[in-house]
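Here is the structure we will look at, set down as structure tokens.
The values are calculated or read from the model by the stated rules, or taken from the named source; none is laboratory data. Small disclaimer: the values here were computed from a predicted structure and weren't measured. Here Cβ is always computed from backbone atoms with ideal geometry, including for glycine, and neighbour counts include all displayed protein chains.
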Amino acid sequence: MGDQSFNAFKMAQAQFDAIAEKLGLDHATRDLLRNPDKEFHFNIPIKMDDGTYKVFRGFRCQHNDARGPSKGGIRFHPQETIDTVRALSMWMTWKTAVVDIPLGGGKGGVICDPHNLSLNEQEKICRGWVRQVYKNIGPLQDVPAPDVMTTAQHMIWMMDEYEVLAGAKYPGVITGKPVGIGGSLGRVEATGYGVIFTLREALKEEDVDIKNTSASFQGFGNVAQNAMKLYHLLGGHIIAVSSWNNSEQKAYTIRKEDGIDINKLLMFTNKFGEIDIEEAKSHAYEVLDADAWMKQDVDILIPAALENQINAKTVGLISDKVKFIVEGANGPTTPEADEVLKEKGVLVIPDFLANAGGVTCSYFEQVQTNINYYWTKEEVLEKLDETTTSAYHKISTLARKKKLYMRDAAYLISIQSVAEACKLRGWV
Ligand code: GLU
């Protein structure tokens, strides 16, 4: 989003085409998988609080459901585009396949900025979104979840609207719901924790003690905050973090050489994960420019904001000290930057493996909904650790055996599994 020359869908297709070639996939399978199965584009007319009317544009893409119902979040973002949603829906298909949960891939979005909308207006957008796709979503068809700038509150409004239309209770229509109304404990932590579970395994394999490492993060939303908490708990040192500043419409990096205390930082961070820069200065943080997070002399970089952050223009900013990049965001690294990182021998844990914790926990939420019995947080996080760790090792083993870049190994496994499901069903 933002950069007009960048197209996430073209990038997702290029990544797919390269692996389809390696796997020798037939043409019908390639045609089937390089585009979403179904797309919905629609208007959401809203009466605003001031009495005026405004029409928002909404989307839902269902990329593939050969392995199970489509699954994926809904983003609220002023720069949302249909191509971004298409790409993200495709990445969801690979994500659910890589962790081997019985789900497909989907994604949704609304072009809107929650910063400028009251809660009442946001509720109307949520309900309007559901009304437009009501017949095409559902526990057995397509199950949305939170994503950029959407939360458990948005999910429960959406579930409620669906249930009003259906005239019955359907808690399985959506995941990421509040705990106590069908949500799962651990869902808030899941994506960030999953990021660190994969990092922990990579460090073990490379014989690096996490306590001797330092990291810099991009983004301070839910994923980054929880990843930072677990990384710190395991003994890692957080040196820098960048965060969006909405009033100035730009990002800043804040840095503290002797380590950032996330709990203190949260005291002057708003609900969108934006750090108050003046407060940061008064607490002796250095305030640097937006790109500074990736220029740090650290061992680990964790991009956990948006797509297209490490690209041909910026990859050169990364210090030679960096040995690990763990992608908390979806699509943060472009194929051009991948080539440079491959050359430098940086171990990149790809997005659809590194950030699969969210959808894995969504799957656990569905299981708990289906049995109508809820697990403790410890049980959920333990299961999450097991699933993530096993997916990590499956990919890492293939990458080592065949001397592959980890993204390519993850793509080989997931595309093959989805292609096989399509074949078994007799689609291609
Ligand atoms: N939005 C998250 C993702 O990109 C979670 C999706 C889900 O739980 O369905 O993976």
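Tabulated data for the structure shown
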{"item": "Some residue of region 237-253 being modelled with pLDDT of 95 or more and more than 24 Å from V148 (Cα to Cα)", "result": "yes"}
{"item": "Residue that is surrounded by the most Cβ atoms within 10 Å (Cβ to Cβ), among those in region 197-211 that are in contact (Cβ under 8 Å) with a residue 60 or more places away in the chain and not acidic (D, E)", "result": "L199"}
{"item": "Residue in region 138-145 that is hydrophobic (A, V, I, L, M, F, W, C), more than 13 Å from G108 (Cβ to Cβ) and surrounded by 17 or more Cβ atoms within 10 Å (Cβ to Cβ) present", "result": "no"}
{"item": "Residue match in region 56-64 (condition: of a type outside the set (A, V, I, L, M), away from the ligand (no atom under 15 Å from the Cβ) and buried (at least 18 other Cβ atoms within 10 Å of the Cβ))", "result": "yes"}
{"item": "Options D17, D50; residue that is in a loop (DSSP other than H, G, I, E, B) and away from the ligand (no atom under 14 Å from the Cβ)", "result": "D50"}
{"item": "Lone qualifier among A354, A391, A337, A409 - being surrounded by 22 or more Cβ atoms within 10 Å (Cβ to Cβ) and touching a Ser or Thr at 6+ places or on another chain (Cβ under 6 Å)", "result": "A354"}
{"item": "Yes/no for R407 being closer than 19 Å to F324 by Cα and under 19 Å from the mean Cα position of the chain (by Cα)", "result": "yes"}
{"item": "Members of region 99-127 found to be among the β-branched types (V, I, T), in contact (Cβ under 8 Å) with a residue 60 or more places away in the chain and more than 11 Å from the ligand (Cβ to nearest atom), listed by number", "result": "V110, I125"}
{"item": "Filter result (assigned to a helix (DSSP H, G or I) and within 11 Å of the ligand (Cβ to nearest atom)) within region 128-155", "result": "M155"}
{"item": "Among residues of region 43-82, those that are of a type in the set (K, R), touching a helix residue (DSSP H, G or I) at 6+ places or on another chain (Cβ under 8 Å) and within 20 Å of S118 (Cβ to Cβ), counted", "result": "2"}
{"item": "Tally, over region 363-382, of residues that are touching a residue at least 40 places away in the same chain (Cβ under 8 Å), in a helix (DSSP H, G or I) and not aromatic (F, W, Y)", "result": "8"}
{"item": "Selection from region 146-167 of residues that are β-branched (V, I, T) and either surrounded by fewer than 23 Cβ atoms within 10 Å (Cβ to Cβ) or over 23 Å from the mean Cα position of the chain (by Cα) (or both)", "result": "T151, I156, V164"}
{"item": "Residue count for region 65-76, restricted to those that are away from the ligand (no atom under 12 Å from the Cβ) and touching a Lys or Arg at 6+ places or on another chain (Cβ under 8 Å)", "result": "1"}
